[in-house]
Number of protein chains: 6
Amino acid sequence: MSAEEAWAIFNVEPGQAYRNQYADGFQVLHPGHKMVGRAFTVQFMPTRPDVAGVMDSKAQTHGIPHLYNQVAIDMVQPGDVVVVDLFGKVEGGTIVGDNLFYYLANAAKAAGLVVDGSIRDLEGIAEIDMPAYFRKTHPSAIANVMLTGINVPVRIGGVTVMPGDLVLGDPEGVYFIPPQLVKQAVDNADIVHIHDEWTKKMFATGKYKSSEIYGSPKDPELKKQYEEYLKKRLAEIRKSQ
Amino acid sequence: MSAEEAWAIFNVEPGQAYRNQYADGFQVLHPGHKMVGRAFTVQFMPTRPDVAGVMDSKAQTHGIPHLYNQVAIDMVQPGDVVVVDLFGKVEGGTIVGDNLFYYLANAAKAAGLVVDGSIRDLEGIAEIDMPAYFRKTHPSAIANVMLTGINVPVRIGGVTVMPGDLVLGDPEGVYFIPPQLVKQAVDNADIVHIHDEWTKKMFATGKYKSSEIYGSPKDPELKKQYEEYLKKRLAEIRKSQ
Amino acid sequence: MSAEEAWAIFNVEPGQAYRNQYADGFQVLHPGHKMVGRAFTVQFMPTRPDVAGVMDSKAQTHGIPHLYNQVAIDMVQPGDVVVVDLFGKVEGGTIVGDNLFYYLANAAKAAGLVVDGSIRDLEGIAEIDMPAYFRKTHPSAIANVMLTGINVPVRIGGVTVMPGDLVLGDPEGVYFIPPQLVKQAVDNADIVHIHDEWTKKMFATGKYKSSEIYGSPKDPELKKQYEEYLKKRLAEIRKSQ
Amino acid sequence: MSAEEAWAIFNVEPGQAYRNQYADGFQVLHPGHKMVGRAFTVQFMPTRPDVAGVMDSKAQTHGIPHLYNQVAIDMVQPGDVVVVDLFGKVEGGTIVGDNLFYYLANAAKAAGLVVDGSIRDLEGIAEIDMPAYFRKTHPSAIANVMLTGINVPVRIGGVTVMPGDLVLGDPEGVYFIPPQLVKQAVDNADIVHIHDEWTKKMFATGKYKSSEIYGSPKDPELKKQYEEYLKKRLAEIRKSQ
Amino acid sequence: MSAEEAWAIFNVEPGQAYRNQYADGFQVLHPGHKMVGRAFTVQFMPTRPDVAGVMDSKAQTHGIPHLYNQVAIDMVQPGDVVVVDLFGKVEGGTIVGDNLFYYLANAAKAAGLVVDGSIRDLEGIAEIDMPAYFRKTHPSAIANVMLTGINVPVRIGGVTVMPGDLVLGDPEGVYFIPPQLVKQAVDNADIVHIHDEWTKKMFATGKYKSSEIYGSPKDPELKKQYEEYLKKRLAEIRKSQ
Amino acid sequence: MSAEEAWAIFNVEPGQAYRNQYADGFQVLHPGHKMVGRAFTVQFMPTRPDVAGVMDSKAQTHGIPHLYNQVAIDMVQPGDVVVVDLFGKVEGGTIVGDNLFYYLANAAKAAGLVVDGSIRDLEGIAEIDMPAYFRKTHPSAIANVMLTGINVPVRIGGVTVMPGDLVLGDPEGVYFIPPQLVKQAVDNADIVHIHDEWTKKMFATGKYKSSEIYGSPKDPELKKQYEEYLKKRLAEIRKSQ
């Protein structure tokens, strides 16, 4: 499913109001490698010694000596996309370098990383095959922030991301799909795919003006042809799943 | 106390690590009118129908039919500075227009407003005498956001603001001072004030180069004079409080 | 009528689709002085000698030796707001300096100036009492542009401005109101004014929470009071017009 | 011909005043694939129902039920570069997605696309081999704009583009060359090419400082050698055309 | 002399090539108070311990224990405009706070301050009557920079400022005039002043279109009148100097 | 050595204060090709005819008819990284096009180019195998600037670069390392390399949580293992050098 197909579900269907599920403006680590996974969310805020102190004390009662990025990273499960709100911080907003990125990809089997912040050691990270979306790179270590939440609602650009959202990344940006809408999104994507397939076939004949075929065919005979094609291909796709 | 004096406390004193208490980049409604009050914090996030629905249901069990900006505004107490995280949203990020601003100033007796977002009806608001700090103005009503917290920690620029913080605004920006540091901040501000008073007096004589007097006087005799002046003036100030 | 009141008409009323009538991001010459007038539009484009040559030749057949900013300025009538599309150009995008601004204000009796470009000689212009909205100031003269239209549709920010639009400027920004909507806009503004008047009166009593009164009173008795107040005040206003 | 060679013609030759023929700041779809074609221009402006209604009525008298992007796209001829003024709009400023891009490339045989706006479905478009220059990508469909001109003068960045201009795109940006200057541009580009060829040959010998050879050789003997080389190579090139 | 008048000298007169003498984009402390003085230039660069160490050692041989901003400030003479290159640094780029600003204005009798950087304590500084042009304000002290030159050429925006330049500031920006051009600039400014005076008088009659009078009167009789007016007024002005 | 390893030396080691040695925000010509060399610095400033005239006169007494970019380029030695301060200028800030870039790479055997400015003819340059870091590309020639220094201290972003600095470029940005710190930097980089090697080996086993291994192993047995590994690998590396 591409960002455009996801957009269609949330923004075109009447009565739907999920207008805020898309974020862009990222640097994309491997543009040719699509990202699909389940949101594991992490929230940071600017450090205050008084607040950080209280939180660390509480954590210690649970056996965690100090709250920092690796506390969250250690909890990542296979198939998770780690979604990190670092409020756009670049210097000192580096959620991982190549070692922890390697850990996420190879030990935790994470499905990807989205950070409204930065990463460090781009050179080392670029060799590791896991999708990542970040604002910038910076050589500094993470600093002057405190970990304030794991699997809480976080904000990434104009999106409220909930833990468990389906996260889709393509070269344009990232979509966060509430679990209850995934079935509808997948079905819709199949239809869009088939529509595009048929439309391009028609255009390839060179016999039609764009408006005769797209959005939907004007000629009733062609329309019927399209509808039969859609039905047949949908059946094929569903059988193959 | 000015922003410069507050900065001195947090950033210069050795061992202090409150480096993230200052936010700027605001439009200031009444630059000549300083803001002092206690933080009442409000958090919004981009709307998701699923999350908003759950929160509204919970609110209804407490007799609140729907969560929106006025639910928070109705709770404001005299002396509060309303501190609103609207994540920099301009269109649809207008926390108040002139009616609710009038309410805050005249009915709730609030001490001010800081919004990482916008206000609307600048013309009407400009006639009301309450300090306000905002990113922009926009004629739209607040929209496409959900109220997610009242008196929770919020982020304004690079600051984690806690409810109850002392909020100070001057023409440069806004300082958020943790309550436990207020006494130290006030004492320090007195010293800075007296130091500036004395320094300017010395400069006004026209007898000294800047480095002979400022930061601290080089000549031991002058230094002694300054220390006596400081002691005397501190005593006067404290007596008058 | 303020920007907020105009916005209400275009964006809140169901079935209305005039969503693109507001532009902001201007420097405002006299923020305390509202602008009201009829749009006189002027369009410039980047110079091309071939196009400029053809246009000058045509102009010469109408007795105009050369097309430049003063050709448009000479046509301005009393009550016009001159609306100039200079595509945001700053250096060389200065539609007027103090002499031509003086001409517009005092000889042409223009009602104001809106330029998506710049003006020059801010110091001289600031002494002249005509509203002006511009992106920046620059000391250069207008250059490297060609006059391509007078009283044609122009684009200012996200607005298509038509000659004859009612132009309203307040400290927030500028509204362009199609003539056929002016009556509705004025009527609506009266209602908003009265609503604000009554709302503030209620708030001034200190007896109500904001949500009891605003947007509309919850108590049926108060609601009735408000409706009577509205009726009475509307009658007074209309009589006085 | 590269952007640098085109620049040389317009900006260095004395008496030439075509200073505004270059636009940059685009995302380039296939940086390794140069774009060459004839400008087919399309203009959009922000929607106003009153203006759009009048234009649609006129179009209907010509058998076009509604003016929208496909009306223009259906008119594209082989060899056209579609040049679209969408005033930098990103959300809702998507001139084509992958279906219509496929149509342009494969059915209309267009030579390329330049849009001061966006495209959608980057993933699908990236597989189609036609040059494209755009400001951003966005998953939304085109919306809230009206088609106001086909083959009229349009503005792209700082350039007034005329229908019929020769459009050249390389990885740096896009050049719009008036047809009457194309012959001169091509001749000049040949000379620049030969000059670069000879200059690099000389540098490859390792015998010269840069200033002995470039801009033009200082030594009269070398200068003569260069002039003979230029003459010979020009003759070869022209023969081969 | 206004920025517009200065621009006219450098950019309009044929054969003049002083195209880079104007800088803008400043916050202006007292927009109603023009700045005129002689450039006293100060240069800072980002700190490097190795370089700073060598420079401090050299300074010590001249009796200066440490190079920092007050070394330069102590050298300021009455009538100097202090022109500081802090390469746009905001946090830690605060050349003065209210104490040193007071010193410059009242003890050193400086004519103004231009800093490509920031100042701190805007509130205190705003009470002191000396013109100042700065990029931003920040509560931090100057830090992490080293003083690398006093009365050396410095760059402010797109201008190379030389010590001794005449510095003119008005609400638009700042002009740096080489001393050898001051006489010509002043003479020219007188002519521009008289021209504006006469032009506005003519416009005030309401008898002329703008192009009949401005840039220069079209009617030969009016032109003669203007020339006589210019001659008479120039004589008056020069007599009064 | 990567940017991250260099950062570690300057920013983490206690007592070190080289906080300003890293610059980023460049377009990188060949991201897969690391840059290593010795800084050869060049400084330009905005042209002033009076200053340029004096400097050219002085240069003529040394046999240089005119100061311009090729005077510096002719002095470049094998292994130099040419570091050019063009104060971010894009149009007219093009230090080289493809001819002079070819000269630097093939005749002068330079190790790379860093310019706080632009280059022209990206297409031609992209074929030449020398690392380059620049802000933008532009088709114009260098213009309206004067050469003010060769092998003087220059500022690139937030860094003071000294001639002779070791310049390291990777896909993130550029590091300028003072010669006296190179030995320490290289040693440190070896340790970081070995640490990353060992850390990834441990993670690859899938037996550890990230915090058990990274930053340093928590288990004393593992810590000992790591220390032995480090010792052995350091010995191997140093032997191989």
Exercise. Restricting the search to segment E:118-134, which residues are under 23 Å from F:Arg155 (Cβ atoms) and either more than 7 Å from every other protein chain (Cβ to nearest Cβ) or outside any loop (DSSP other than H, G, I, E, B) (or both)?
Worked result: E:Ser118, E:Ile119, E:Tyr133, E:Phe134
Exercise. Is it the case that segment F:218-233 has a residue that's part of a helix (DSSP H, G or I), among the hydroxyl-bearing types (Ser, Thr, Tyr) and under 30 Å from A:Arg135 (Cβ atoms)?
Worked result: no
Exercise. Which one of F:Val192, F:Val182 is modelled with pLDDT under 95 and in contact with a strand residue (DSSP E or B) (Cβ under 6 Å, 6 or more places away or on another chain)?
Worked result: F:Val182
Exercise. Across segment C:197-214, what is the number of residues that are among the basic types (Lys, Arg) and either part of a loop (DSSP other than H, G, I, E, B) or under 27 Å from C:Val83 (Cα atoms) (or both)?
Worked result: 2
Exercise. Does segment A:66-89 hold any residues that are in contact (Cβ under 8 Å) with a residue 60 or more places away in the chain and outside any loop (DSSP other than H, G, I, E, B), and which are they?
Worked result: A:Asn69, A:Val71, A:Ala72, A:Val81, A:Val83, A:Val84, A:Asp85
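Within segment E:116-143, track down each residue that is out of contact with any Ser or Thr (no Cβ under 9 Å at 6 or more places or on another chain) and crowded, with 24+ Cβ neighbours inside 10 Å.
Within segment E:116-143, E:Asp116, E:Pro131, E:Ala132, E:Tyr133 meet the criteria.
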For this session: Scan (1) more than 9 Å from chain F (Cβ to nearest Cβ); (2) in a helix (DSSP H, G or I) for the single condition A:Val115 breaks and write down its number.
Result: (2)
Exercise. Hey, does segment C:159-175 have a residue that's in contact with a helix residue (DSSP H, G or I) (Cβ under 8 Å, 6 or more places away or on another chain), surrounded by fewer than 19 Cβ atoms within 10 Å (Cβ to Cβ) and closer than 27 Å to C:His66 by Cα?
Worked result: yes
For this session: Being in contact with a His (Cβ under 9 Å, 6 or more places away or on another chain) and under 25 Å from B:Ala204 (Cα atoms) is the filter; apply it to segment E:48-101 and report the residue that is farthest from the other protein chains (Cβ to nearest Cβ).
Result: E:Thr94
Exercise. From D:Thr160, D:Thr205, which residue is under 24 Å from the mean Cα position of the chain (by Cα) and among the β-branched types (Val, Ile, Thr)?
Worked result: D:Thr160
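Residues are listed down the side, and each one gets a yes or a no for (1) within 17 Å of the chain's Cα centre (by Cα); (2) under 26 Å from F:Gln27 (Cα atoms):
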{"site": "A:Thr61", "(1), (2)": "no, no"}
{"site": "A:Leu67", "(1), (2)": "no, no"}
{"site": "A:Val90", "(1), (2)": "no, yes"}
{"site": "A:Ala111", "(1), (2)": "yes, no"}
{"site": "A:Val114", "(1), (2)": "yes, yes"}
{"site": "A:Met130", "(1), (2)": "yes, yes"}
{"site": "A:His138", "(1), (2)": "no, yes"}
{"site": "A:Met146", "(1), (2)": "no, no"}
{"site": "A:Gly149", "(1), (2)": "no, no"}
For this session: Return yes or no: is E:Val96 among the hydrophobic types (A, V, I, L, M, F, W, C), more than 17 Å from E:Thr47 (Cβ to Cβ), touching a Lys or Arg at 6+ places or on another chain (Cβ under 8 Å) and not in a loop (DSSP other than H, G, I, E, B)?
Result: no
For this session: Report yes if E:Tyr214 is within 10 Å of chain C (Cβ to nearest Cβ), aromatic (Phe, Trp, Tyr) and farther than 30 Å from E:Gln21 by Cβ, otherwise no.
Result: no
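Would you call B:Gly63 in contact with a Ser or Thr (Cβ under 9 Å, 6 or more places away or on another chain), of a type in the set (Gly, Ala, Ser) and outside any strand (DSSP E or B)?
No; evaluated as a whole, the condition is false for this residue.
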Problem set entry | Sole exception among (1) modelled with pLDDT of 95 or more; (2) more than 17 Å from B:Ala105 (Cβ to Cβ) for C:Thr199, by number | (2)
Problem set entry | Unmet criterion (only one of (1) among the polar types (S, T, N, Q); (2) away from chain A (no Cβ under 14 Å); (3) within 23 Å of D:Arg120 (Cβ to Cβ)) for D:Thr137 | (2)
Exercise. Just a yes or no: is a residue in segment B:224-231 surrounded by fewer than 16 Cβ atoms within 10 Å (Cβ to Cβ) and either within 23 Å of E:Tyr68 (Cβ to Cβ) or of a type in the set (Val, Ile, Thr) (or both)?
Worked result: no
For this session: Would you mind telling me which numbered condition in (1) more than 14 Å from chain C (Cβ to nearest Cβ); (2) part of a strand (DSSP E or B); (3) among the hydrophobic types (A, V, I, L, M, F, W, C) B:Ile194 fails?
Result: (2)
Exercise. Any idea how many residues of segment C:148-164 are more than 12 Å from D:Met45 (Cα to Cα) and either out of contact with any Leu (no Cβ under 9 Å at 6 or more places or on another chain) or without any contact (Cβ under 8 Å) to a residue 24 or more places away in the chain (or both)?
Worked result: 6
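Suppose we filter segment B:148-177 for residues that are part of a loop (DSSP other than H, G, I, E, B) and more than 8 Å from every other protein chain (Cβ to nearest Cβ); how many remain?
Adding up the residues that qualify gives 6.
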For this session: Kindly check whether there is at least one residue in segment A:24-33 that is part of a helix (DSSP H, G or I), modelled with pLDDT of 95 or more and away from chain B (no Cβ under 14 Å).
Result: no
Exercise. Which of (1) buried (at least 17 other Cβ atoms within 10 Å of the Cβ); (2) outside any strand (DSSP E or B); (3) not charged (D, E, K, R) is the odd one out, the single condition C:Gln184 does not satisfy?
Worked result: (1)
For this session: Please find, within segment F:109-149, the residue that is farthest from F:Ala52 (Cα to Cα) out of those that are hydroxyl-bearing (Ser, Thr, Tyr) and modelled with pLDDT of 95 or more.
Result: F:Tyr133
Exercise. If you take the residues of segment A:176-212 that are touching a residue at least 40 places away in the same chain (Cβ under 8 Å) and of a type outside the set (A, V, I, L, M), which of them is nearest to D:Gln77 (Cα to Cα)?
Worked result: A:His193
For this session: Please state which one of D:Gln43, D:Gln77, D:Gln60, D:Gln70 is among the polar types (S, T, N, Q), under 29 Å from D:Pro179 (Cα atoms) and surrounded by fewer than 18 Cβ atoms within 10 Å (Cβ to Cβ).
Result: D:Gln77
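The values are calculated or read from the model by the stated rules, or taken from the named source; none is laboratory data. Worth saying up front: this structure is predicted, and the values here are computed from it rather than measured. Backbone-built Cβ (ideal geometry, glycine too); neighbour counts: all protein chains shown.
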